[in-house]
Amino acid sequence: MSTQEKQQDADLFSVRREKLDELRSSGIEPYGDRFPVTHRAAEIASRYDELEGQEVAIAGRLMGKRIQGKAGFADLQDFTGKIQVYVRRDDMGEDVYKLFKKLDIGDIIGISGRVFRTGSQAITVAVASFSLLSKSLRPLPEKWHGLKDVDLRYRQRYLDLIVNPDVKEAFLTRVRIIKEIRRFMDDLNYIEVETPIMQPIAGGATARPFVTHHNALDMPLYLRIALELYLKRLLVGGFEKVYEISRVFRNEGISTKHNPEFTMLEFYQAYADLGDMITITEEMLSSVVQSVSDSMQIRYGEQEIDFTPPYKRMSMLEAVRSYTNEDFSHFDAGLAYEQARSLGLAVERGTSWGKILNEAFETFVEDKLVQPTFITGHPVDISPLARRNREYPLLTERFELFINTWEIANAFTELNDPIDQRQRFEQQVQEREHGDEEAHVMDEDFLNAMEYGMPPAGGEGIGIDRLVMILTNSPSIRDVILFPTMRPREI
RNA sequence: GAGCCAUUAGCUCAGUUGGCAGAGCACCUGACUUUUAAUCAGGGUGUCCCGGGUUCGAGUCCCGGAUGGCUCACCA
């Protein structure tokens, strides 16, 4: 059987598998050792003038091969980018050159050689020697179109990262954003802490949790849906400025804007209030935008979003009035019901005033809020952890920051009255009994903490993933989460 | 959870009225010592997502299912 005939009934994997065996039997280890790298691709390009004629050692993945007889070119890709390498039979000897020609695209190699420019001015390393560091057994996606199938891109993110350079950029931006936020919080002398991910009661937000079970304790544990209640326990414990950036989990639908696990920043500051949170938010966002972009104006799809502070502020009542011409400031559930009906909202009779207002807001206002806008003064019955407004007890001292129509941040002057907090929980428990699976459950331990005295405080949560989406112009949350949740599938 | 759309070679994609399964890249063989989506000559490597049905004949039409995308619902 000729090699060619053998090829015909062999798939690409077994062809490479055979190459690997041949390498081994000729004494070459296809999975090499430590390779001392002296330079990286981008560096050789940016410092070419100094490096011309110098000996360099680089390692990376072979991404292109242009052999032309007794010499040839190849592209090597490392974390910083691609660089061309040049191989010549007369430089490396017949055997080594043959070996190089046998390499597959996707193999990881280390080379050493001298930096030069070709006739067409391409910065190139003339290979003096090379070693195979890792044989690749599977063919990479096509070099020109890359990997487009979104399903494969998310499931096999490693391939996406190898062949689609923009993908790496978005994730590097994500890292920069989070780093900048940490720097910002640290500079304000906030203390970063870690609180339980598995909790006996999942509180701090209205959402369905994931449940697991602890065998030794023989009890259910919930993956946290928010960071809030533990961070507030730390306020009781004397931490005056505290923050956490970490994953929370919500057992809900998946969409371009929702992943079951996502990253939140939450921070709490004793003796502060909502106004302080507004200031911090504006300063933080403008500093983050500054650090990842040259401009305060960010393009997201068709929109241009201006992060220059101060951001627009509007109370929920004002916002609803200005988009519907209906005034809900009477605080009367019956009147609100009539207004909702005339606006075409499908609300049930008996729905509370606050829920109706919120419904009107979500339906008629939310999708208009493209530029950063603080919406303030949320009804108390949708804000069980926020302090009441002193003048209007049906409202709270709360804001949500909307950007690109998405809720990006949520903050309030924290409720620190344990009696009121208990009543709020009781209200939530009732709603849960009436079928609202997302309502809070009673958290006696949290109340116990608050009964020892929690300082007045301002607190805030920021959804990091959506912020990253906006700042990287990513249409899907899956473009900013390295390994988004997917239904498993055979490869 | 609902509606619409998609699924064909390792990847990116064609596939006509229902009539032998196709191209480019990748891969294999050969030529080529400064190319760069290298080029030239030759080679098609397939569970047409899965299961039924209609038909002389199904990648194509019908039904059911799987997975994904978009929109909506829920949510941040």
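Quick note: the coordinates plus some simple rules give every number you see, no bench work behind them. The structure presented is a predicted model; accordingly, all values stated were derived computationally and were not measured. Cβ coordinates were reconstructed from backbone atoms using ideal geometry, including for glycine residues, and neighbour counts include every protein chain displayed.
Summary of values
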read-out: Sparse-neighbourhood loop sites, GluC sites (Glu not before Pro) in the stretch A:205-261 - DSSP loop, at most 16 other Cβ within 10 angstrom; value: A:Glu240, A:Glu252
read-out: Space enclosed by the convex hull of the alpha-carbon atoms of the stretch A:318-426, per residue, Å³; value: 102 Å³
read-out: Gyration tensor (alpha-carbon) shape descriptor, the stretch A:48-119, a/c threshold 1.5; value: oblate
read-out: Net charge, A:Glu400 excluded, C-beta distance under 13 Å - Lys, Arg +1, Asp, Glu -1; value: -1
read-out: Using a Förster distance of 41 Å, the FRET efficiency for A:Lys168-A:Glu451 (Cβ separation, nearest 0.05); value: 0.25
read-out: Three-way shape call for the stretch A:395-484 based on the alpha-carbon gyration tensor, with the a/c threshold at 1.5; value: prolate
read-out: Where GluC sites (Glu not before Pro) fall in DSSP loop in the stretch A:346-436, at most 16 other Cβ within 10 Å; value: A:Glu348, A:Glu391
read-out: Residue exposure sequence - A:Asp11, A:Asp443 - by fewest surrounding Cβ within 10 Å; value: A:Asp11, A:Asp443
read-out: Coil-residue chymotrypsin sites (Phe, Trp or Tyr not before Pro) of the stretch A:247-339, DSSP, other Cβ within 10 Å capped at 16; value: A:Tyr271, A:Phe331
read-out: Unit charges on C-beta of K, R, D, E only; dipole of the stretch A:3-140, Debye; value: 220 debye
read-out: Additional length obtainable on full extension of the chain from A:Thr212 to A:Ala346, 0.36 nm per residue less Cα span; value: 44.6 nm
read-out: Order of A:Thr396, A:Thr173 under a 10 Å beta carbon neighbour criterion, fewest first; value: A:Thr173, A:Thr396
read-out: Mean projected area in nm² (Cα convex hull; one quarter of hull surface) for chain A; value: 31.3 nm²
read-out: Check: the stretch A:321-360 dipole with +1 on Lys, Arg Cβ and -1 on Asp, Glu Cβ, in debye; value: 60 debye
read-out: Shape of the stretch A:245-298, Cα gyration tensor, a/c cut at 1.5; value: oblate
read-out: MRE, 222 nm, helices only [DSSP H, n ≥ 4, -39500 (n - 2.57), over chain A, to nearest 500]; value: -10000 deg cm²/dmol
read-out: Listed residue (A:Asn473, A:Val365, A:Pro209) projecting farthest to the positive dipole end of chain A, Cβ model; value: A:Asn473
read-out: Options A:Ser291, A:Val175, A:Ala57, ranked by Cα towards positive dipole end of chain A, top entry (Cβ charges); value: A:Ala57
read-out: Placed amide H near A:Ala457: partners under 5 Å, 5+ positions off or other chain; value: A:Tyr271, A:Ala272, A:Glu414
read-out: Linear extension gain, A:Ala333 paired with A:Ile254, 0.36 nm per residue minus alpha-carbon span; value: 25.1 nm
read-out: Rg [Å, one decimal], Dmax [Å, integer] - the stretch A:3-140, C-alpha atoms; value: 15.3, 51
read-out: Full-stretch length increase - A:Asp91, A:Glu194 - with 0.36 nm per residue and alpha-carbon distance subtracted; value: 31.4 nm
read-out: Other-chain or far-sequence residues with amide H under 5 Å of A:Leu221's (modelled H); value: A:Thr212, A:His213, A:His214
read-out: Two-site FRET efficiency, A:Glu261 against A:Glu55, from Cβ-Cβ distance with R₀ of 56 Å, rounded to 0.05; value: 0.75
read-out: Residues A:His258, A:His330 arranged by fewest to most Cβ contacts within 10 Å; value: A:His330, A:His258
read-out: Furthest towards positive pole of dipole, A:Gln68, A:Ile109, A:His39, structure part the stretch A:3-140, Cβ charges; value: A:Gln68
